[in-house]
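Visitor: Quick one: structure below, then a few questions.
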Amino acid sequence: ITKEAEVDKLKSDFISNVSHELRTPVTILRSYIDTLYNYGDDLNKDEQKEFIGIINDSIVHLNKMVNDILDFTRLETDTKVEKTMLDITSTIERALVGLKVLADEKQMEIITLFEHNLPLVPYNEEAIERVINNLVTNAIKYSPEKSKIEVRVNLTQDKKYVKVSVKDEGIGIAPDCLDRVFDRFYRTENTTHTIKGTGLGLHLVQIAIEKQHQGKVFVDSELNKGSTFGFYLPLNENNAEILKASV
Ligand code: ADP
């Protein structure tokens, strides 16, 4: 098949995926709100609370989906971001706090291995926090219960980049799919039918790292063993060109 036909197929898969994912929480919202509206007086306080809890969860889920789609349309056109000199380990720690609940649900442990005395790096905190969020969410999503995730940060040997990597013990990715996982809408065959997703997350990661920060993403994976996703961020803008040539 031609490249165009392939992109068309990815797009239509994406639309059917997204419509399903948007419809499910909307259906839940409608039925629970309808019940509360019509029969709320017959329910006791605890039941009312439980219903409102479910409504809240659905809204959180919808919100995430909508944000992903909006980020995607915005990022595709808007690649300039404000950068500040920051400590990448504190940004990572902050992102991990928000992901603890997700990891706990699967009794997974997230281990951090940070090199000491790392230099500050110029980056956009919101963008990099979202990148970490995406990589670690995937590591949780595509791994079995009680498995481990390692988040590592170190300076490259030439001292020109910080390297961040997220290693899991999950389902892994087949070699022939590996070079496509960063493509927009792409999802591997073995995940399309079982685990929810839009195929946008890694594409957004790549745009944030390579277009907004002149860095480079990488992946290393073995089927049924686990994956390591990560990125290099240049310590100063002049290194960006060297990275493009050498990585
Ligand atoms: P989504 O997770 O919404 O499908 P992503 O762009 O984040 O989209 O990921 C694209 C695809 O790459 C996923 O559908 C999955 O097949 C594969 N993938 C991503 N992260 C991992 C991981 N940590 N382990 C195994 N497969 C992964």
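Visitor: Whether any residue in the range 147-168 is of a type in the set (A, V, I, L, M, F, W, C), within 21 Å of His61 (Cα to Cα) and out of contact with any helix residue (DSSP H, G or I) (no Cβ under 6 Å at 6 or more places or on another chain) is what I want to check. Outline the logic, then answer.
Guide: Filtering the range 147-168 for residues of a type in the set (A, V, I, L, M, F, W, C) gives 149, 151, 153, 155, 162, 164, 166.
Those still in the list that are within 21 Å of His61 (Cα to Cα) too: none.
So far as the range 147-168 goes, no, none of its residues is of a type in the set (A, V, I, L, M, F, W, C), within 21 Å of His61 (Cα to Cα) and out of contact with any helix residue (DSSP H, G or I) (no Cβ under 6 Å at 6 or more places or on another chain).
Visitor: Sort out which residues of the range 120-144 are away from the ligand (no atom under 15 Å from the Cβ) and of a type outside the set (Phe, Trp, Tyr), and write them in order of number.
Guide: At the first step, the residues of the range 120-144 found to be away from the ligand (no atom under 15 Å from the Cβ) are 120-129.
Matches in the range 120-144: Leu120, Val121, Pro122, Asn124, Glu125, Glu126, Ala127, Ile128, Glu129.
Visitor: Looking at (1) part of a helix (DSSP H, G or I); (2) modelled with pLDDT of 95 or more; (3) touching a helix residue (DSSP H, G or I) at 6+ places or on another chain (Cβ under 6 Å), which one does Glu93 not meet, given that it meets all the others?
Guide: For Glu93, the exception is condition (3).
Visitor: Which of the residues that make up the range 193-211 are free of Cβ contacts under 8 Å to residues at least 24 places away in the same chain and part of a helix (DSSP H, G or I)?
Guide: Within the range 193-211, the first condition is being free of Cβ contacts under 8 Å to residues at least 24 places away in the same chain, and the residues that meet it are 193-194, 210.
Passing the criteria: only Glu210.
Visitor: Within the range 208-232, how many residues turn out to be closer than 13 Å to Asn124 by Cβ and surrounded by fewer than 23 Cβ atoms within 10 Å (Cβ to Cβ)? Quick ask: steps written out before the conclusion?
Guide: We begin by selecting, within the range 208-232, every residue closer than 13 Å to Asn124 by Cβ; these are 208-209, 211-215.
Still in the list and also surrounded by fewer than 23 Cβ atoms within 10 Å (Cβ to Cβ): 211-212, 214.
Matching residues across the range 208-232 total 3.
Visitor: What are the pairs with Cβ atoms under 7 angstrom where one residue, in the range 104-121, is in contact (Cβ under 8 Å) with a residue 24 or more places away in the chain and the other, located anywhere, is surrounded by 12 or more Cβ atoms within 10 Å (Cβ to Cβ) and in a loop (DSSP other than H, G, I, E, B)? Sequence gap at least six, or different chains.
Guide: Within 7 Å, the pairs are Met108/Ser143; Met108/Ser147; Pro119/Leu235; Leu120/Asp87; Val121/Leu235.
Visitor: Pick from the range 162-187 the residues that are more than 7 Å from the ligand (Cβ to nearest atom) and in a loop (DSSP other than H, G, I, E, B): which of them is surrounded by the fewest Cβ atoms within 10 Å (Cβ to Cβ)?
Guide: By that ranking, first place goes to Asp179.
Visitor: Does Asn190 satisfy the criteria of being within 11 Å of the ligand (Cβ to nearest atom), surrounded by fewer than 20 Cβ atoms within 10 Å (Cβ to Cβ) and in a helix (DSSP H, G or I)?
Guide: On the way: within 11 Å of the ligand (Cβ to nearest atom): yes; surrounded by fewer than 20 Cβ atoms within 10 Å (Cβ to Cβ): yes; in a helix (DSSP H, G or I): yes.
Yes.
Visitor: While we're on this one: Tell me, please, whether a residue that is surrounded by 11 or more Cβ atoms within 10 Å (Cβ to Cβ), within 21 Å of the chain's Cα centre (by Cα) and aliphatic (A, V, I, L, M) can be found in the range 47-58.
Guide: So far as the range 47-58 goes, no, none of its residues is surrounded by 11 or more Cβ atoms within 10 Å (Cβ to Cβ), within 21 Å of the chain's Cα centre (by Cα) and aliphatic (A, V, I, L, M).
Visitor: Go through the range 193-211 and give me each residue that's modelled with pLDDT under 80 and more than 9 Å from the ligand (Cβ to nearest atom). Walk me through how you get there before you give the answer.
Guide: Kept after step one, since they are modelled with pLDDT under 80, are these residues of the range 193-211: 193-198.
Passing the criteria: His193, Thr194.
Visitor: Of the numbered conditions (1) touching a residue at least 24 places away in the same chain (Cβ under 8 Å); (2) touching a Ser or Thr at 6+ places or on another chain (Cβ under 9 Å); (3) more than 16 Å from Glu129 (Cα to Cα); (4) more than 10 Å from the ligand (Cβ to nearest atom), Gln214 fails exactly one; give the number of that condition.
Guide: Going through (1) touching a residue at least 24 places away in the same chain (Cβ under 8 Å); (2) touching a Ser or Thr at 6+ places or on another chain (Cβ under 9 Å); (3) more than 16 Å from Glu129 (Cα to Cα); (4) more than 10 Å from the ligand (Cβ to nearest atom) one by one, Gln214 breaks only (2).
Visitor: Select, from Lys100, Lys64, Lys159, the only residue that is more than 26 Å from Asp183 (Cα to Cα) and under 17 Å from the mean Cα position of the chain (by Cα).
Guide: Numbers: Lys64 fails: more than 26 Å from Asp183 (Cα to Cα); Lys159 fails: under 17 Å from the mean Cα position of the chain (by Cα).
Exactly one residue qualifies, and that residue is Lys100.
Visitor: Within the range 141-161, how many residues are out of contact with any strand residue (DSSP E or B) (no Cβ under 7 Å at 6 or more places or on another chain) and not in a loop (DSSP other than H, G, I, E, B)?
Guide: Count: 1.
The values are calculated or read from the model by the stated rules, or taken from the named source; none is laboratory data. Worth saying up front: this structure is predicted, and the values here are computed from it rather than measured. Cβ coordinates were reconstructed from backbone atoms using ideal geometry, including for glycine residues, and neighbour counts include every protein chain displayed.
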